[in-house]
Amino acid sequence: MSTAGGGVGNGAAAGARFAAQTAYVTGAVGGIGSAIVRALAAEGAAVGLIDRDPEGGARLQDELQAAGHRVLYANADVQDFDACRAACDQLGAALGGADILVNNVGISPKTNGRALKVWEMPPKEWETVMAVNLNSVYYMAHLTTPHMVKQRRGRIINMSSVAGKAYCDIVAGHYAATKAALIGLTRHWAGELGEYGITVNGLAPGRIATPLLKSVPREINDAVAEITALRRLGTPEEVADACLFLASDQARFITGQVVDVAGGWLMT
Ligand SMILES: NC(=O)c1ccc[n+]([C@@H]2O[C@H](COP(=O)([O-])OP(=O)(O)OC[C@H]3O[C@@H](n4cnc5c(N)ncnc54)[C@H](O)[C@@H]3O)[C@@H](O)[C@H]2O)c1
């Protein structure tokens, strides 16, 4: 684990909805993750960026620090519990414990643009998707909830997918299984942590225009747009808006819910 770039920044952020709060975001450098990071920072949060892309992490950190935001990048492969712990220790020392945890990281491997069928799926690919999309969510919650329980306040937002709710032939079984598991975890942790003032909710994006989609031929994304009620793909900023709502005080009586941000695709 390493820190790229300079200091932590001075916190001269524009908005104030999350002033004096600290958020940790996994997969922070990607399409949706970076939109969530930018939105939280713009609203005054100190944001810890966890990702395994040191170049992208340094770039995003430096850009936001230069704009006066209090952000710090921690390099970690979230498949590894010790790497998650080291990242949380680093961010905790610099920014404080997480008031908000956004479990955003996720991968959806394809082979030649196609999701593998069950008989084609190598065990290694299955295990990697379980580790990144599911184990990391437990690791991060395990590491951050002691602080939330202690202060009797916290927000956890898990990034599921409509593919965790309905059959979607663009993704493979491993991805659907992990995204469905996040819905179960969201409900379970909501029940378990509610008495400590912690809400746990999820988001189920539909097709969102991010680098993740590049693994799929363009015609497939066009076809999804055609059968989406709003007739287009979503943007990372639209997912970030929903995430900030769930992280905010406006959502204080909402817990155990997974909100579709899908423009009316695969309505469940
Ligand atoms: N894009 C979509 O259409 C869509 C739809 C539904 C759900 N989602 C979910 O939204 C989340 C973000 O997706 P995205 O489209 O922004 O993806 P993305 O590919 O743009 O970003 C993923 C980020 O995670 C990081 N990452 C991957 N593996 C990692 C690991 N082992 N350790 C640390 N970091 C790792 C990558 O470096 C990257 O920065 C995912 O959970 C995804 O499943 C996306």
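We did not get these values from a lab; they are worked out from the coordinates using the rules stated. As the structure is a prediction and not an experimental result, all values here were calculated from the model. In this analysis, Cβ positions are derived from the backbone assuming ideal geometry, glycine residues included, and neighbour counts consider all displayed protein chains.
A few comments on the model shown:
- If R0 equals 25 Å, the separation of the Cβ atoms of GLN250 and ASP89 corresponds to a calculated FRET efficiency of about 0.20.
- Ranked GLU43, GLU55, GLU125, criterion: other C-beta atoms within 10 Å, fewest first: GLU55, GLU125, GLU43
- Sites listed here are chymotrypsin sites (Phe, Trp or Tyr not before Pro) in the range 143-240 whose DSSP assignment is loop and whose Cβ has at most 11 other Cβ atoms within 10 Å: TYR167.
- Taking label positions 7 Å along the Cα-Cβ direction at both ALA16 and LYS150, the computed distance is 2.8 nm, reported to one decimal.
- Exposure proxy order (Cβ contacts within 10 Å, fewest to most) of ASP62, ASP82: ASP82, ASP62
- Taking MET121, MET159, MET148 and counting other C-beta atoms within 10 Å, the order from fewest to most: MET121, MET148, MET159
- Under the span-like rule (Cα at least 27 Å along the axis, Kyte-Doolittle mean at least 1.0), DSSP H helices of the chain: none
- Counting DSSP beta bridges with both ends in the chain, the antiparallel % (nearest 5): 5 percent
- Within the chain, helix-based [θ] at 222 nm, where runs of 4 or more DSSP H residues each add -39,500 (n - 2.57), nearest 500: -12500 deg cm²/dmol
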